[in-house]
Amino acid sequence: MKDKCGVVGVCFKDNLKKASYSIYYSLLSLQHRGQESTGIVTRKKSDFFYEKGMGLVNEIFTFDSLDSLDGNAGIGHVRYSTMGASQIENAQPFVVRHSSGTLAIGHNGNIVNAEELRHALKASGSIFVSTSDTEIIAHLIIREHLKGKDFVESIAEVMKKLVGSYSLVILTDDAIYAVRDPLGIRPLVLGNLDGKGYIVASETVALDVVGARYVKNIKPGEILEINSHCSLNSHRVIKLPKKAYCMFEYVYFARPDSVLNDIPVYKVREKIGEFIGLNDDIEADVVSPIPDSAIPSALGYSRASKIPYRETLIRNRYVGRTFILPEQKARELAVKLKLNPIAGEVKGKKIVLFDDSIVRGTTSSRIIKLLKGAGAKEVHMRVGCPPIKSRCNLGINMPTNEELIANNKTVEEIREEIGADSLSYLSIENLIEAIGMEDSNLCTGCLTGKYPIDISKYEQVKLPVYIKK
């Protein structure tokens with residue numbers, strides 16, 4: 001599974017200080033959120049400079065290219081595709097020139113009524129260069145702005161039309177806008193650059209790498225304006241009675257050293273393992289994670305169960321992200337290239353194998369086969385996420401419902417298919433308790449099929465009329 005993207009926005013008070021380097025280092029820290037394409041747009045007065053390409057951040061940008069991205073304000077983006085193909089036309093940020101200036105936009109999330117909006121825009125004369133839902137948002141904002149509204153009013157008007165998830169960074173001729181959807185599905189945070197400016201980003205790790213002090217989460221329904229003087233103006237244009245933070249950010253997507261919605265991700269993952277360990281009675285020699293996201297949970301399980309923690313699999317971090325292997329034997333080879341068992345830690349052992357989630361089940365099956373091939377006596381699978389039964393349309397690129405192994409199989413049937421000696425998942429109740437948040441403020445749609453908005457009919461969330469602050 002893949003998350004949609006990571007976004008960054010930086011503004012320095014000093015007009016001579018370049019934003020491009022801070023954006024670059026922040027994007028490197030968010031590389032886990034998107035590895036297909038990346039881009040940076042900067043602004044110096046009314047001049048915009050931009051570069052983007054297909055690949056990793058350090059493959060696209062050089063010191064020369066960062067130097068050429070002039071200006072003290074800018075935005076950046078790393079992308080996985082959930083809406084629109086993986087091609088250069090869909091790489092972000094998008095830069096759109098209009099009759100009164102320029103707008104650049106980066107987006108993390110997924111707009112489920114995008115095709116309806118695109119159809120209406122095309123019917124009224126709009127021309128698109130991509131298949132991304134982000135370009136639709138840009139068109140809508142500019143249309144409202146050209147009616148005479150300021151950008152806060154324009155963005156607020158567009159928020160009423162969007163159904164889905166979005167954390168946005170928007171760069172205009174005189175400001176940066178950080179925008180979070182009314183349910184807060186995707187994360188977005190603000191940091192202070194040692195009194196020299198501000199940074200907004202998808203995760204707190206992007207703040208850490210540039211030495212920024214965490215200030216706050218961008219609130220659901222908030223438009224945070226950072227003007228050309230680096231002054232902040234907050235506009236809470238939509239306030240709904242509940243939130244819907246994505247539970248999968250805590251389970252898998254976010255880096256473990258991030259803090260999401262004021263909750264440390266590492267602690268959540270430790271608690272996930274502890275809850276499973278406290279309720280497990282399996283006899284085993286070692287507990288071991290599938291690296292890397294399951295490591296904190298395996299440690300928590302080990303502490304609760306008193307079963308020793310040992311690494312049994314070593315990840316090869318240099319295989320490459322685009323290892324395209326269409327044949328079955330080649331795909332099995334890919335697993336061996338990416339993960340290699342430590343023979344001395346595996347042979348003759350009963351292993352509790354911890355993973356963050358099971359999606360199709362194919363990777364779990366290959367890893368279990370790999371461990372047993374290396375001499376493991378038993379492999380007992382423990383999973384930190386409850387069974388994923390329903391496809392997400394809110395910013396996570398998942399298979400179809402039919403491809404999700406838990407959609408039409410019992411836990412016992414899944415165990416048989418992946419070849420585990422036993423299989424146990426975390427319960428939804430324990431997941432909510434591990435996160436430490438009321439279930440009414442979490443989106444668990446991929447587990448329950450019940451989403452915070454009506455995705456199937458694309459019905460509008462009832463939003464209040466925007467009142468200018």
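The values are calculated or read from the model by the stated rules, or taken from the named source; none is laboratory data. Nothing here was measured: the structure is a model prediction, and the numbers come from that model. FYI the Cβ positions are ideal-geometry reconstructions off the backbone, even for glycines, and counts take in every protein chain you see. Surface accessibility is based on the protein's heavy atoms, side chains included, excluding ligands, DNA and RNA. Shrake-Rupley method; radii C 1.70, N 1.55, O 1.52, S 1.80 Å.
Could you give the length gained by full extension between residue 216 and residue 408, i.e. 0.36 nm per residue of separation minus their alpha carbon distance, to one decimal place? Walk me through the intermediate numbers first.
Numbers: separation 192, 0.36 × 192 = 69.12 nm, distance 4.12 nm.
Stretched fully, the residue 216-residue 408 segment lengthens by 65.0 nm.
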Quiz item: With every protein chain kept in the model, how would you rank 50, 266 by accessible area, 1.4 Å probe, largest at the top?
Solution: 50, 266
Self-check item: Förster radius 56 Å - calculated FRET efficiency between residue 47 and residue 336 (Cβ-Cβ, nearest 0.05)
Solution: 0.65
Quiz item: Which of the peptides 190-196, 91-97 is most tightly packed, and how do the rest follow, going by the mean number of other Cβ atoms within 10 Å of each residue?
Solution: 91-97, 190-196
Quiz item: What nm value, rounded to one decimal, do you get for the distance between residue 239 and residue 128 when each label is placed 7 Å out toward the C-beta?
Solution: 3.5
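For the full complex of protein chains and a 1.4 angstrom probe, list 173, 262, 133 by accessible area with the highest value first. Don't skip to the answer; put the middle values down first.
Values: 173 50, 262 100, 133 0 Å².
The most accessible residue leads, giving 262, 173, 133.
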Practice problem: Using only the alpha carbons, work out the radius of gyration and Dmax of region 158-245 in angstrom. | Solution: 12.8, 37
Practice problem: Would you mind computing, in nm to one decimal, how far apart the modelled labels at residue 427 and residue 196 are, each placed 7 Å from Cα along Cα→Cβ? | Solution: 5.2
Exercise. Assuming a ≥ b ≥ c are the square roots of the Cα gyration tensor eigenvalues, decide whether region 61-208 counts as rounded (a/c under 1.5), prolate (otherwise, with a/b larger than b/c) or oblate.
Key: rounded
Quiz item: Setting aside same-chain residues fewer than 8 positions from residue 389, which aspartates and glutamates have a Cα under 12 Å from its Cα?
Solution: 402, 403
Exercise. Evaluate E = 1/(1 + (r/R0)^6) for residue 89 and residue 377, where r is the Cβ-Cβ distance and R0 equals 41 Å; express this FRET efficiency to the nearest 0.05.
Key: 0.20
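Over the chain, with every protein chain in place, what whole percent of the accessible area is carbon and sulfur at 1.4 Å, could you tell me?
On the chain, the fraction of accessible area on carbon and sulfur atoms equals 50 percent.
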Quiz item: Using the Kirkwood radius built from alpha carbon pairs, what does the Stokes-Einstein equation give as D for region 170-315 at 37 °C and 0.692 mPa s, in µm² per second?
Solution: 190
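Taking the Cβ-Cβ separation of residue 279 and residue 360 as r and a Förster radius of 30 Å, what is the calculated FRET efficiency to the nearest 0.05?
Taking R0 as 30 Å, the efficiency between residue 279 and residue 360 is 0.70.
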Quiz prompt | Cα-based shape type of region 349-410, given that a ≥ b ≥ c are square roots of the gyration tensor eigenvalues and the cut on a/c is 1.5 | solution = prolate
Quiz item: According to the square roots a ≥ b ≥ c of the eigenvalues of the Cα gyration tensor, what is the shape class of region 40-129, taking rounded for a/c under 1.5, prolate for a/b larger than b/c otherwise, and oblate for the remainder?
Solution: oblate
Practice problem: Using only the Cα atoms of the chain, each taken as one equal point scatterer with no solvent, compute I(q) by the Debye sum, divide by I(0), and report log10 of the ratio at q = 0.08, 0.10, 0.12, 0.14 Å⁻¹. | Solution: -0.48, -0.74, -1.03, -1.32
Quiz item: Any idea how far apart residue 400 and residue 62 come out in nm if each label point goes 7 Å out from Cα toward Cβ?
Solution: 4.5
Quiz item: Using the per-residue mean of other Cβ atoms lying within 10 Å as a proxy for protection, in what order, highest first, do the peptides 415-421, 137-143, 296-302 fall?
Solution: 296-302, 137-143, 415-421
Quiz prompt | Additional length obtainable on full extension of the chain from residue 417 to residue 14, 0.36 nm per residue less Cα span | solution = 139.1 nm
Quiz item: In the structure shown, do any of 18/161; 336/377; 149/239 have a Cα-Cα gap over 25 Å, and if so which?
Solution: 18/161
